[in-house]
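Beneath this line is the structure, given in structure tokens, with notes to follow.
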Amino acid sequence: MATRRDVLAAVTAGAAALALPSCGTGSTDDSTLTILHKWPEGDHQKYFEMLRTTFEDRHPGVSVEMTAVQDDPYKQRIQVLTAARTLPDIYFLWPGSYGEKFADAGLTVDLTDVMAGQWADSLSSIAVDAYTHEGRNYAVPISMSGKYMVCNTAMLDEHGVAVPETFDELLAVCDALREDGVEAPIAMGNQAMWPGVHYLTSLVGKLVPQDEFTRDLTPSTATYSHPGYVEAFRKLAELSARGFTTSANGISNDSAKAGFLNSSSPFMYSESNQFSTFREKNGAPPEIAENWDFFPFPSIPDGAGDDESLTGAPDGFAVNPDSSKVELAIEFLRMVTSPEMAAAMLEMRDRPSVTVGAEELVDDVQPQLTSALEHLDSIERFNIWLDMEAEPQVAQAWLTAGQAAIAGSRSPELIVQDLKEVSDALR
């Protein structure tokens, strides 16, 4: 089991030059609850501001101090706070091996007993399971998102192609679209590298047995010997060559999304928490808002993994065990996952809450999002992002490996060998 020192060393690499924020728990003011999250943008910020004022109204004398930084800077911020042991009372935490390191190091309150029964039962079981490690709950999920292929149905009709059900059919559809003049059947921007890893997460989930993948997450037992890894990189390279935007590694995800929104590309691999961007009231062109749908990543029937699994993950919050306000922090998280606030999340952020039935309290839910929620409820296991599941050094290797496969600059066999070498160096 990792020690607190182990996780501090893992998450502080390269962070020494960063300035400390002001949201640490060094303050002796027990009337202030400090919270750190990763959603500073627009409607997200309005939602969290609403949570702040509501909690303060319900707890006279308590003030809530929230700090929000975007996704990538958040990773740096949490490194610094962990190194200085100034974590806020409540902080966002990704699931998978990333979050489990915090739990193993004693950096999260064990919430198992307080969540047991009615609280846990009111939440999506797959989301709760994602934040469960060695039978213990180390964080509270608040929202969740699944990865889906979105499609411009009008473009598909125009070019006479159907929604593909299998991976081979997806390749054939890409070929047909290109022959019909569509330069980029699948909008793809992998400049930040995580979009490529999302594809790899889906492919590995379908091609590698879960027990072998789990074994390979630990460097001391990893072999990367299953042929599904090589096949995953081969399929990603093939999809890139036949379907992706040209030079995808040099294009941002936002630029790729623009290609989908302007009807240059009929497909894009997106998340259910991004479905709101396809609404006309949120800026999508009418021809997109009125003519789009989604489908799960195409089937690979002969794969050795779980063909029914879904790439995705919940978002959740952990409580700092060094906090003097643990009970107050838990009260805040109970409020966030209440039906009232879960419905407000859907209304204000267009994000699916983990609270069961929250969507029934909202009048204006996208039909596509309703369908996605139904699908999410049927899923038994998430494939959590590879760059969150793997050790930090191996996670970086996965990111680089995705770029190599998309560029076609290295063979699948050598890419897997590169991954193994990085993992072996950590034994």
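Ordering VAL150, VAL69 by how much accessible area each has at a 1.4 Å probe, largest first, what is the list?
The ordering from most to least exposed comes out as VAL69, VAL150.
Restricting to Cα pairs below 8 Å that are 6+ residues apart, what does the relative contact order work out to for the chain? Please round to a whole percent.
Averaging sequence separation for qualifying contacts and normalising by length gives 25 percent for the chain.
If you bin every alpha carbon distance in the range 109-168 into 10 Å steps from zero, what whole percent lands in each bin?
Reading upward from the zero bin: 18, 33, 13, 18, 15, 3.
Please report the relative contact order for the range 284-427, taking Cα pairs under 8 Å with a sequence separation of at least 6, and give it as a percent rounded to a whole number.
The normalised contact order for the range 284-427 reaches 20 percent.
Enumerate the whole-percent occupancy of each 5 Å bin, from 0 to the last occupied one, for all C-alpha pair distances of the range 213-303.
Calculated P(r), rounded to whole percents: 2, 10, 16, 18, 15, 14, 11, 7, 4, 2, 0.
Rank by packing, highest mean first: peptides 293-304, 262-273, with packing defined as the count of other Cβ atoms within 10 Å averaged across residues.
Top of the packing list down: 262-273, 293-304.
For a quick check of understanding: with a 1.4 angstrom probe and all protein chains in place, what accessible area in square angstrom does SER225 have, to the nearest ten?
80 Å²
Rg/Rh for the range 269-318: what does it come to with C-alpha atoms and Rh from Kirkwood?
Looking at the range 269-318, the ratio lands at 1.11.
Please get the size of the charge dipole for the chain, origin at its Cα centre, with Cβ charges of +1 on Lys and Arg and -1 on Asp and Glu, quoted in debye to the nearest 20.
1400 debye
Please list THR54, THR246, THR221 in order of solvent-accessible area, largest first, computed with a 1.4 Å probe with all protein chains present.
Largest accessible area first, the list is THR246, THR221, THR54.
What accessible area per residue, rounded to a whole number of Å², is obtained for the range 218-309 using a probe radius of 1.4 Å?
That works out to 41 Å² per residue.
So, in nm, how far is label PHE295 from label ARG178 when the simple model puts each one 7 Å beyond its Cα toward the Cβ?
That separation, rounded to one decimal, is 2.0 nm.
Sum -39500 (n - 2.57) across every DSSP H segment of at least 4 residues in the chain, then divide by the residue count to get the 222 nm mean residue ellipticity, nearest 500.
Mean residue ellipticity at 222 nm (helix-derived): -13500 deg cm²/dmol.
Rounded, prolate or oblate, given the Cα gyration tensor of the chain, with a/c below 1.5 counting as rounded?
Cα axes put the chain in the oblate bin.
With a 1.4 Å probe and all protein chains kept in place, how much accessible area does ASP364 have, in Å² rounded to the nearest 10?
The value for ASP364 is about 90 Å².
If you count only protein heavy atoms and use a 1.4 Å probe, how large is the accessible surface of LYS46, to the nearest 10 Å²?
Number for this one is 130 Å².
What's the extension gain from SER125 to GLU327 if we count 0.36 nm per residue and subtract their Cα-Cα distance?
70.4 nm
The values are calculated or read from the model by the stated rules, or taken from the named source; none is laboratory data. Just so it is clear, the structure is predicted and the values come from calculations on it, not from any experiment. No Cβ is skipped: glycine too gets one built from the backbone with ideal geometry, and neighbour counts run over all protein chains shown. Protein only, heavy atoms only, side chains kept; ligands, DNA and RNA dropped before computing areas. Shrake-Rupley method; radii C 1.70, N 1.55, O 1.52, S 1.80 Å.
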